[in-house]
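**Q** Please see the structure below; I have some questions.
Computed from the coordinates by the stated procedures, all read-outs in this text should not be read as laboratory data. Just so you know, these numbers come straight off a predicted model, no measurement behind them. Reconstructed Cβ throughout: ideal geometry from the backbone, glycine too, with neighbour counts over all protein chains shown.
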Amino acid sequence: MKAVYFASVRERIGLTEEEIDPPAGVATVAELIGWLSARGEGYAAAFANAATIRAAIDRNHARPDSPIRAAREIAFFPPMTGG
């Protein structure tokens, strides 16, 4: 699946997107964030406060408990404000 990173998540990881292949035990958005966090210092910094990270699966907002098994793309971004 493709992981896409936006804003501060992208800045900390240093990538706009990448192909990832999480292990079979990683089944939800929250578990994926945990797995990504263990991939290195930049990932750990990007996902340090996982409760504030938002995700979208195939361009639809997803909750931390959303399953990822059929996802083609998962995007991660910080909370946004508008005006």
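**Q** Between F6 and D65, how high is the FRET efficiency from 1/(1 + (r/R0)^6) when r is the Cβ-Cβ distance and R₀ = 30 Å? Nearest 0.05.
**A** In this case the efficiency is close to 0.90.
**Q** Taking each pair of distinct Cα atoms in the chain once, what is the resulting Kirkwood hydrodynamic radius in Å?
**A** For the chain, inverting the mean 1/r across all distinct Cα pairs yields 12.6 Å.
**Q** Please figure out what share of the DSSP beta bridges in the chain is antiparallel and state it in percent, rounded to the nearest 5.
**A** 75 percent
**Q** A further question on this structure: Would you look at the GNM of the chain, springs on alpha carbons closer than 10 Å, and say which of A46, A70, A55 moves the most?
**A** The residue with the greatest mean-square fluctuation here is A70.
**Q** Does anything in the stretch 32-48 have its amide N under 16 Å from the 7 Å Cα→Cβ label point of L15, and if so which residues?
**A** 32-47
**Q** Moving on. Below 8 Å between Cα atoms, with a sequence gap of 6+, how large is the relative contact order for the stretch 24-83 in percent?
**A** After rounding, I find 34 percent.
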